[in-house]
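Novice: The structure is given below, and queries will be raised subsequently.
What follows draws every value from the coordinates through simple rules; no lab data is involved. Values in this document were obtained by computation on a predicted structure and should not be read as measured data. FYI the Cβ positions are ideal-geometry reconstructions off the backbone, even for glycines, and counts take in every protein chain you see.
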Amino acid sequence: MLALQAQADGPRYLIDDMVEDVLERLSFVRLEPATALVIGDYSGALAKELARHGVTVTQVEPAESFDEERPFPFDGFDLIASLGTLDTVNDLPGALVHIRRALAPGGMLIASLPSAGSLPVLRGAMLATSLAEHFRSQGQNVLLMMDSVTRFAMAQREVGLAAGEPPTAKGYPPSVFALLPGLLERAGNVRGQGSITGFYTVLVEGDDTNEPVADNVRAILDGHIVLSRDLAARNHYPAIDVLHSVSRTMPDVTTVDHRLKAGTVRDWMATLRDSEDLVSVGAYVAGSNPRIDEALAKRGDLDQFLRQPADDLVSLDDARASLEAL
């Protein structure tokens, strides 16, 4: 990518952003180096700016025989600036050792890496889950809420693409789908300890619930609640699409009668959705289909049951009683 930007007509946004970042950090720490080694500045912008402030600059390019993984042929620099190169070396600890030996006492390394802004997003998600695991190990029942898995996946996409991974589904590299189970499957119960109940939001593009991130998350988690833009437009809140929402833990926490009644309600809702066009244009004749007649008779009660103001509190027992009354 940086080599492409070195071309006369190449895009310069990435290298320009790195140069700006290095200069900003120099200003912040108030470092006034006398000598500097600049690595990977294809545009020459950083070297020119440092030279303008009286700094003696040595400029090298990894693509032109300079190897960061070997001892440097020079040393004594007050500043070493690496622009988008350290993320591509095979032996990063070794490269840092060579950089340290090339610095003068009190010298500083500033390294600008592609996708560095994505790392806090990844670190935050992992840290939150680690904290939840800590309290679970102490026998606590933890509620973990994360917004959102989509941003986590997009951050890993930036890191993966910057590392040279090939884009696959919708531009996401393979590491995204390898990392998701390592994050999401850490929630749950541990025998002899506590539990982590995780709520993870997933933002889908164009209401496509089959896009890669949503599809993978759905396969990992124990259930999913789908929010409908269409229901929200009808002022139907909470805007939950019951027919597309699933709980795989429901059989473990409900009675048989509860599940049978919930199944009956879902059947009514599915019948109403399938016959919606027929009824709305007045083409349906009452009495021609007993299932549709029964569902239409329950439509008003169903709509009232599925609506709830945000400031209303309803207990599980009250909700179950209302369900049985339908």
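Novice: If you take the Cα Rg of the stretch 185-326 and divide it by 2.2 N^0.38 Å, with N the number of residues, what do you get?
Specialist: Here the Cα radius of gyration is 1.23 times the empirical estimate.
Novice: For His244 and Leu109, what is the calculated FRET efficiency with R₀ set at 41 Å and r taken between the beta-carbons, to the nearest 0.05?
Specialist: The calculated FRET efficiency here is 0.20.
Novice: For the chain, what is the mean residue ellipticity at 222 nm derived from helices alone (per DSSP H run of n ≥ 4: -39500 (n - 2.57); sum divided by total residues; nearest 500 deg cm²/dmol)?
Specialist: The per-residue figure over the chain is -14000 deg cm²/dmol.
Novice: Place +1 on the Cβ of every Lys and Arg and -1 on the Cβ of every Asp and Glu in the stretch 12-160, take the dipole about the Cα centre, and give the residue among Pro62, Leu143, Thr88 whose Cα lies farthest towards its positive end.
Specialist: After comparing all options, I get Leu143.
Novice: Oh, and also: Please compute the modelled spin-label separation between Ser130 and Leu96, points set 7 Å along Cα→Cβ, answer in nm with one decimal.
Specialist: Between Leu96 and Ser130, the simple spin-label model gives 1.5 nm.
Novice: Could you state the per residue volume, in Å³, of the convex hull enclosing the Cα atoms of the stretch 37-171?
Specialist: Spelled out: Cα convex hull of the stretch 37-171, divided by residues, is 177 Å³.
Novice: Does anything in the stretch 176-194 have its amide N under 20 Å from the 7 Å Cα→Cβ label point of Ala262, and if so which residues?
Specialist: Only 188-189 fall inside the zone, counting backbone N under 20 Å.
Novice: Given 25 °C and 0.890 mPa s, how large is the Stokes-Einstein diffusion coefficient of the stretch 13-84 in µm²/s, with Rh as the Kirkwood radius over Cα pairs?
Specialist: Details: Rh = 12.5 Å.
In µm²/s, the coefficient is 196.
Novice: Translational diffusion coefficient of the stretch 120-225 at 4 °C, 1.567 mPa s, Stokes-Einstein with Kirkwood Rh over Cα pairs, in µm²/s as a whole number.
Specialist: D = 90 µm²/s.
Novice: While we're here: Would you list which aspartates and glutamates come within 16 Å of Lys170, measuring only between C-alpha atoms, while excluding same-chain residues fewer than 8 positions from it?
Specialist: Reachable aspartates and glutamates: Glu158, Glu205, Asp207, Asp208, Glu211, Asp215.
Novice: For Gln304 and Ser148, calculate 0.36 nm times their separation in residues minus their Cα-Cα distance, and state this gained length in nm to one decimal.
Specialist: Values: separation 156, 0.36 × 156 = 56.16 nm, distance 3.06 nm.
Using 0.36 nm per residue and subtracting the Cα-Cα distance, I get 53.1 nm.
Novice: How large is ³J(HN,Hα) for each residue in the stretch 306-321, as worked out from phi by the Karplus curve 6.51 cos²θ - 1.76 cosθ + 1.60 (θ = phi - 60°), to whole Hz, x for Gly and Pro?
Specialist: 7, 9, 7, x, 5, 9, 8, 10, 10, 6, 4, 5, 5, 5, 5, 5
Novice: Pick out which of Pro93, Pro212, Pro167 has the largest mean-square fluctuation in a Gaussian network model of the chain, springs linking Cα atoms closer than 10 Å.
Specialist: Judging by the Gaussian network model, the answer is Pro93.
Novice: Per residue, what volume in Å³ does the Cα convex hull of the chain take up?
Specialist: On the way: hull volume 71.2 nm³, N = 326.
Convex hull of Cα atoms, per residue: 218 Å³.
Novice: Say R0 is 35 Å: what FRET efficiency, to the nearest 0.05, do Phe199 and Asn289 get from their beta-carbon distance?
Specialist: Calculated transfer efficiency: 0.35.
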